[in-house]
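Report on the structure given below.
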């Protein structure tokens, strides 16, 4: 029995380069419209692989234990610049022809399931010792990993399992769950808001097919596969899915901001989207989880007596402060590998903040297509001024970019107007008001006895 088991179970996962070529050929077979060679869809199918060579250059340098080549970061920033231009171009693409994939819905669902199983296989078979550049992890994410690691370790001790790396399995398990949330969110958006479940399934299948997801698994490449890079996008995708419910969308975006911070930069776009149609409740819902997350972080640091040190490290970190020169020992990226470049980082940041301000009032009014394009553009724009590995954070915007590729005409997709008489929040507020009045009502004074 030993020989047959070794033959049928001894399989090897493809390396990054093999997956790049294989996924490219399969994507052309599935999504390329051979009857319309000059269509936008065909160009999008090919250009979505634009960043892979840059990631492969960085991966090669880390596998050889060499300093990352500046050419890889330049390639990534050049590809990000194209994607940024594609987002602005999408604002003008009102009429979108219906171009269905070359495989039917059942076939896409089967392929997506098979690809997700291969994602699980990579997470299980990935060796422990792999390239890592280090990096900053948000405090709340670190604490969540620590608590989950304790639970996994206790379960392992209960069954007397030896040699289990609890932290490794926690990171990989959370990464898989985040990717699953993204995939289901893409399918739901296609079904509910695109009115085309075929398009949603195509976006989900393409997401699992692209090399970025496999290259960026935990410990697979330079620190960009940790689960907290997929976590915010899972929340943002479901915020898009819940855009008709401003309270729920605000809670999801607020949770993303409170845990990883950078989604705060897309808040102006969403506030403009809900202007006159639930902006107040969206902002209140956004502030609630954000404030709770900040309070939890401060509480954890105070209990551990790490608050002064953490504040000092945050204030000294140049990655998010473009007016400071990045550290050559702690930061890897375009702004450190090109010695003269960091002086231009501040003008790039100013241009980015001008873009954030502009998107808060242009275009007006916004529909769902505008929100998708501008949110993606702002997340891509961070890559240009963020010092540490800027350009490699593809998972910060990849699902939204796929929704841009497969979206139909969304000019009529706007938040519903708030009808006061039928709104649940107004009714809840009135009910609570009446309840408080009853609780605060004093008993009537007794008549004096005669």
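Within the stretch 36-56, find all residues whose amide N lies under 14 Å from a label point positioned 7 Å from the Cα of residue 89 along Cα-to-beta-carbon. Once the point is set 7 Å along Cα→Cβ of residue 89, 38-50 turn out to lie under 14 Å by backbone N, inside the stretch 36-56. Each peptide in 391-401, 51-61 was scored by the mean count of other Cβ atoms within 10 Å over its residues; highest first, the order is 391-401, 51-61.
At an R0 of 51 angstrom, the distance between the Cβ atoms of residue 350 and residue 431 translates into a FRET efficiency of 0.55.
With r defined as the distance between the Cβ atoms of residue 38 and residue 71 and R0 fixed at 25 Å, what FRET efficiency is calculated, to the nearest 0.05? Taking R0 as 25 Å, the efficiency between residue 38 and residue 71 is 0.20.
Here, each number is a calculation from the coordinates, and none is a lab measurement. This one's a predicted model, so the numbers in the text were calculated from it and none came from an experiment. For neighbour counting, all protein chains shown are included, and Cβ atoms are generated from backbone atoms with ideal geometry for every residue, glycine included.
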